[in-house]
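Everything on this sheet refers to the single structure shown next.
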Amino acid sequence: MNSNSLLFAFGAITFLVTFSWFKYAAMEVFKKELESAEEDQGVWTKLFKVFLVDWLVCVAGVLGTGILFVTVFNMAH
């Protein structure tokens, strides 16, 4: 493993940790809505859509942040 790979992994982990904290806060906001959604399928459909968007954000964020960390390192080195 070279330094670029390690920096990419560090950037990816940094993004995932930050995004996870954000999602935890968002789940606390929607906790009441989830608890009242035992029979309401509309909430689960909305949550599935949120999951898909979050997954795309995670993929793009991991790649983008990893590339950014490597690019900044290579420019400064």
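The values are calculated or read from the model by the stated rules, or taken from the named source; none is laboratory data. In this text, all values refer to a predicted model and were calculated from it rather than measured experimentally. Neighbour counts are summed over all protein chains in view; Cβ atoms, including those assigned to glycine, are modelled from backbone coordinates with ideal geometry. Ligands, DNA and RNA are stripped out before the accessible areas are found, and what is left, the full protein with its side chains, is counted by its heavy atoms. Shrake-Rupley method; radii C 1.70, N 1.55, O 1.52, S 1.80 Å.
Taking a probe of 1.4 Å, how large is the accessible area per residue of the chain, in Å²? Each step should come with its number before you reach the end.
Working: 6020 Å² over 77 residues.
Per-residue accessible area for the chain comes out at 78 Å².
Give the angle, between 0 and 90 degrees and rounded to the nearest 10, that separates the Cα long axis of helix 3-29 from the longest principal axis of the Cα atoms of the chain. Roughly 20 degrees between the two axes. Label separation (residue 68 vs residue 30): 2.4 nm, computed from points 7 Å beyond Cα along the C-beta direction.
Relative contact order, percent, of the chain when contacts are C-alpha pairs under 8 Å separated by at least 6 residues?
It rounds to 63 percent for the chain.
Our helix-only sum for the chain, with -39,500 (n - 2.57) per DSSP H run of n ≥ 4 divided by its residues, gives a mean residue ellipticity at 222 nm of -31000 deg cm²/dmol. Think of the stretch 3-76 as having a plus end and a minus end, set by charges on the Cβ of Lys, Arg, Asp and Glu; of 21, 58, 4, 4 sits farthest toward the positive end of this dipole. Of the accessible area of the chain, computed with a 1.4 Å probe over protein heavy atoms only, carbon and sulfur atoms account for 73 percent.
In a simple Cβ point-charge model (Lys, Arg +1; Asp, Glu -1; nothing else charged), the chain has a dipole of about 340 debye relative to its Cα centre.
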